[in-house]
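Inspection log for the structure reproduced underneath, given as structure tokens.
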Amino acid sequence: MVLVSAARDYVNRMLQDISGMKVLILDSQTVSIVSVVYSQSELLQKEVFLVELVDSISKSKESMSHLKAVYFLRPTLENIQHLRRQLANPRFGESHLFFSNMLKDTQIHILADSDEQEVVQQVQEYYADFVAIDPYHFTLNIPSNHIYMLPAVVDPPGLQQFCDRIVDGISTVFLALKRRPVIRYQRTSDIAKRIAQETSKLMYQQESGLFDFRRTEISPLLLIVDRRDDPVTPLLNQWTYQAMVHELIGIHDNKVDLSSTGKLPKDQQEVVLSSEQDAFFKANMYENFGDIGMSIKRMVDDFQQVAKSNQNIQTIEDMAKFVDSYPEYRKMHGNVSKHVTLVTEMSKIVGERRLMLVSEREQDLACNGGQVAAFEAVTNLLNNESVSDIDRLHLVMLYALRYEKESPVQLMQLFNKLASQSPKYKPGLVQFLLKQAGVDKRTGDLYGNRDLLNIARNMARGLKNCSKSMADSSSSCDAVVIPQPQDVVIFIVGGTTYEESRSVALQNASNSGTRFILGGSVVLNSKRFLKDLEEAQRIAKSSTNVV
């Protein structure tokens with residue numbers, strides 16, 4: 001519950017002490033931060049009658065002096081400029097300013113100078129610069145996520161901004177936890193090193209007072225790793241409920257867009273999948289697809305029993321009981337419809353794309369040996385007309401990542417076959433993946449027992465007391481071994497997957513003594529992973545001759 005509770009607590013504190021009718025003004029990123037932890041009905045209970053984006057408020061001149069404005073914004077240059085203009089010509093009776101991260105002194109001076117009519121009642125920093133999609137899983141929703149994949153010789157202009165956003169997000173997670181971590185990073189990754197060093201500089205030098213919580217227990221561990229160390233997980237088809245919905249349909253800020261799936265009522269075209277708001281989803285989000293069907297059948301049977309009892313209304317007392325239970329009945333009806341629709345749509349996609357067959361081969365490539373059998377199996381699926389172009393690309397990439405050194409001639413044959421059978425395939429994409437995340441770039445054996453939790457566990461056990469001025473896992477260390485930390489935050493530069501968040505949740509449920517929290521720049525499915533790869537390849541081609 002830790003991350004969701006922290007973010008909810010901040011939103012509660014913003015709204016509960018300001019009485020009367022309110023407008024909540026957000027930016028494009030804080031709207032995600034709020035929406036995953038607070039529902040619209042909960043906002044109404046706090047007398048929030050309007051939610052607006054700060055840039056759209058800037059375009060309107062209509063006076064709303066009867067409303068109190070509650071701003072919750074990231075402290076960016078753009079947002080400060082929006083505020084400066086709005087405070088110069090205030091539309092609301094009062095303005096309460098809350099920021100998701102640390103304000104600079106210069107920004108405070110700009111706001112003070114702009115508030116000539118003295119409508120600002122308070123300015124506060126509430127450290128929630130992360131999107132808490134699940135209790136132990138957060139994301140930063142960084143649009144330019146492809147930047148982490150660019151070769152070192154390509155110095156993209158957005159790299160500093162990308163790193164700054166990650167440092168901002170990580171730092172507020174630890175401010176929300178009221179802890180300062182020991183920082184380790186993957187030594188083979190330049191971008192992980194850069195982020196670790198900048199995070200360390202912020203926490204131990206620039207804002208050391210803010211992070212000095214005077215706590216005596218063992219410091220938590222922050223582990224910064226690079227997605228390129230495991231490019232396989234985002235490419236695999238998933239078979240547990242939450243991960244499968246994201247892979248086949250897509251989840252953004254715990255919402256699923258079903259508008260393209262057929263003729264659905266307007267109120268069902270976007271549905272919420274939140275473990276905080278949906279008891280059925282909370283109980284089944286990590287279950288296998290086959291088991292989900294049985295669970296939904298039981299839910300439908302329960303609903304039919306409730307519906308049957310509601311049809312038997314004969315007295316005024318029966319009617320009163322039905323009216324009292326109607327909101328719950330309606331909520332149950334909506335939940336049944338939502339999950340039946342999702343599973344029906346996914347079943348259709350699984351059949352159309354022959355995903356049972358494709359996924360079996362993917363698992364063989366990820367988990368089993370045998371290059372000759374693998375080559376034959378991938379070749380057969382490339383020749384199978386019912387296999388989609390995207391699945392053909394996945395299979396060739398998985399084969400290439402596994403056998404790039406063992407069978408270069410056969411790998412070239414697969415490249416040629418893929419190019420001839422998949423007209424949308426961009427030449428050189430698999431080769432670019434190998435340059436960025438091939439065996440020479442990865443640390444250790446990806447195909448051994450080496451998931452993220454194993455890395456974190458091993459580092460947590462053998463952690464030595466490193467110099468706090470340098471967040472470097474290879475820096476000089478004392479001989480004193482720190483006891484196992486109670487909290488480990490794993491941040492994946494390049495993005496997490498719901499399969500990894502499932503591993504974290506199941507590990508935490510086992511009460512091992514260490515609590516894991518997973519975070520990343522985005523939440524990946526194979527579509528987003530390939531989109532980032534294609535964009536990085538395009539930039540690398542246009543700016544250098546790397547590829």
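The values are calculated or read from the model by the stated rules, or taken from the named source; none is laboratory data. Values in this document were obtained by computation on a predicted structure and should not be read as measured data. Quick reminder, even Gly has a Cβ in these numbers, built from the backbone with ideal geometry, and neighbours come from all protein chains shown. Calculation scope for accessible area: heavy atoms of the full protein, side chains included, ligands and nucleic acids excluded. Shrake-Rupley method; radii C 1.70, N 1.55, O 1.52, S 1.80 Å.
Things to note:
- Computed lengthening from Asp9 to Asn288, 0.36 nm per intervening residue step minus Cα-Cα distance: 97.1 nm
- Across the chain, C-alpha contacts under 8 Å between residues 6 or more apart give a mean separation that, scaled by the residue count, equals a relative contact order of 18 percent.
- Carbon + sulfur, % of accessible area of the chain - ligands and nucleic acids excluded, 1.4 Å: 50
- Which of Arg515, Arg392 is most accessible, then next, and so on - probe 1.4 Å: Arg515, Arg392
- Residue-span extension gain [Thr188 to Gln268] - 0.36 nm each, minus C-alpha spacing: 24.2 nm
- Contour excess over end-to-end distance, with Cα ends at Asp257 and Ile218 and 0.36 nm allotted per residue: 9.7 nm
- Looking at the chain, the DSSP beta bridges with both ends there are about 20 percent antiparallel.
- Reducing segment 145-206 and segment 338-416 to their Cα centroids gives an inter-centroid distance of 34 Å.
- Calculated from backbone phi, Karplus (6.51, -1.76, 1.60) coupling profile of segment 398-413 in Hz, x at Gly/Pro: 5, 5, 5, 5, 7, 10, 4, 8, 7, 9, x, 5, 5, 4, 5, 4
- For segment 183-229: rounded, prolate or oblate by the Cα gyration tensor [a/c cutoff 1.5]: oblate
- Only protein heavy atoms count here; on that basis, with a 1.4 Å probe, Val372 has an accessible area of about 110 Å².
- 3J(HN,Hα) from dihedral phi, segment 5-15, Karplus parametrisation 6.51/-1.76/1.60, rounded to Hz, x for glycine, proline: 4, 4, 5, 4, 4, 4, 5, 4, 5, 5, 9
- Sequence of Ser58, Ser200 when ordered by accessible area, the most exposed leading, probe 1.4 angstrom: Ser58, Ser200
- Exposure ranking of His146, His394, His109 by accessible area [1.4 Å probe, largest first]: His109, His146, His394
- Low-density loop positions, GluC sites (Glu not before Pro), segment 137-226 - DSSP coil, at most 11 other Cβ in 10 Å: Glu217
- Residue by residue, segment 431-444 carries 3J(HN,Hα) couplings of 5, 5, 4, 5, 5, 8, 9, x, 4, 6, 8, 8, 9, x Hz when phi is fed to the Karplus relation 6.51 cos²θ - 1.76 cosθ + 1.60 (θ = phi - 60°); x denotes Gly or Pro.
- Listed pairs Lys201/Lys441; Lys193/Lys441; Lys255/Lys426 exceeding 25 Å between Cα atoms: Lys201/Lys441; Lys255/Lys426
- Computed [θ] at 222 nm, helices only, for the chain once each DSSP H run of length n ≥ 4 contributes -39500 (n - 2.57): -15500 deg cm²/dmol
- Gyration tensor verdict on the chain (Cα atoms; rounded if a/c is under 1.5, prolate if a/b is larger than b/c, oblate otherwise): oblate
- For Glu94, distant residues with modelled amide H under 5 Å away: Ala69
- Amide H contacts of Leu53 (H built 1.01 Å from N, under 5 Å, at least 5 apart or other chain): Leu26
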